[in-house]
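What follows is a set of notes on a single structure, which appears directly below.
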Amino acid sequence: MGDIDRRRCYQYNHILIDSDRILVPQFSDAVVLLSGAQLEMLRNVSGYLNRRETYVKETELGYYMMPTTEDFDIILGIVADLEETLMGNPNVIWGYKDVFEDNASEIDVDPGYNTLEHTAVPAGYVYHLEAITVINSAHTSPNVRCYIRRADVSYYFHVFQTVVATVPQSHAPWLTLKEGDEVWVQFAGCVQDDNIYSTIVGYTMKVPE
């Protein structure tokens, strides 16, 4: 498509999108909660996103330039992904169900390394982990490692360095956990009779059947 064909006149009632902000996003991926009404609105708006005239590659006095054919092909792929998400893909759209809090603890632990295991995510649910708090009530731990256990494989997501005795430390991991995932917390350098605690909080989402 030549430059003349890419020109469009501005219209006061026409909302335009900067194509470069689609091709190079300004925001990180995120998990969001949408009401039923909001979801219906986005489903209808997605049809507007398939129009080339919606996107601006360059702004000029009196007219704007639409994206090149190559850029628009990439944008259409992104729109297709959005439509699949909005139209009810059960692996992507989960409905908010409730908040959760899970506590794990061990009293009078043995010296050395000790691990706390949180409750696994039940079938039919996805958990969004918003915060984790750890504490050793008796002695300072040189480090506390937090990880997800998934199918007997460990994925570390945070390490607390030097957890001072009696002082709780928190971290906001912003992680999504699927069915069967467990959060494990490993305290290093424990001393005989230490008491260790871990709390995770977040919200649950019901996966559609």
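A few comments on the model shown:
- Ser28, sole failed condition from (1) surrounded by fewer than 12 Cβ atoms within 10 Å (Cβ to Cβ); (2) more than 22 Å from the chain's Cα centre (by Cα); (3) hydroxyl-bearing (Ser, Thr, Tyr): (2)
- Residues of segment 191-203 satisfying the condition of being modelled with pLDDT under 95 and either assigned to a loop (DSSP other than H, G, I, E, B) or surrounded by 19 or more Cβ atoms within 10 Å (Cβ to Cβ) (or both): Val191, Gln192, Asp193, Asp194, Gly202
- Unmet requirement for Asn114, which otherwise passes all of (1) of a type in the set (S, T, N, Q); (2) in contact (Cβ under 8 Å) with a residue 40 or more places away in the chain; (3) within 30 Å of Lys57 (Cβ to Cβ): (3)
- Pairing each residue of segment 75-89 that is farther than 18 Å from Glu53 by Cβ with any residue that is part of a helix (DSSP H, G or I) and at pLDDT 80 or above, provided the two are 6+ apart or on different chains, yields C-beta distances under 6 Å for Leu86/Leu42; Leu86/Arg43.
- Considering the conditions (1) touching a strand residue (DSSP E or B) at 6+ places or on another chain (Cβ under 6 Å); (2) over 17 Å from Ile200 (Cβ atoms), Ile148 is excluded by exactly one of them, (2).
- Qualifying residues in segment 1-47 (those that are hydrophobic (A, V, I, L, M, F, W, C) and in contact with a Phe, Trp or Tyr (Cβ under 6 Å, 6 or more places away or on another chain)) - the one farthest from Thr69 (Cα to Cα): Leu33
- Selection count, segment 120-155, where residues are over 18 Å from Ile196 (Cβ atoms), in a strand (DSSP E or B) and either touching a Ser or Thr at 6+ places or on another chain (Cβ under 9 Å) or among the hydroxyl-bearing types (Ser, Thr, Tyr) (or both): 8
The values are calculated or read from the model by the stated rules, or taken from the named source; none is laboratory data. Worth saying up front: this structure is predicted, and the values here are computed from it rather than measured. All Cβ positions, glycine included, derive from the backbone under ideal geometry; neighbour counts span all protein chains shown.
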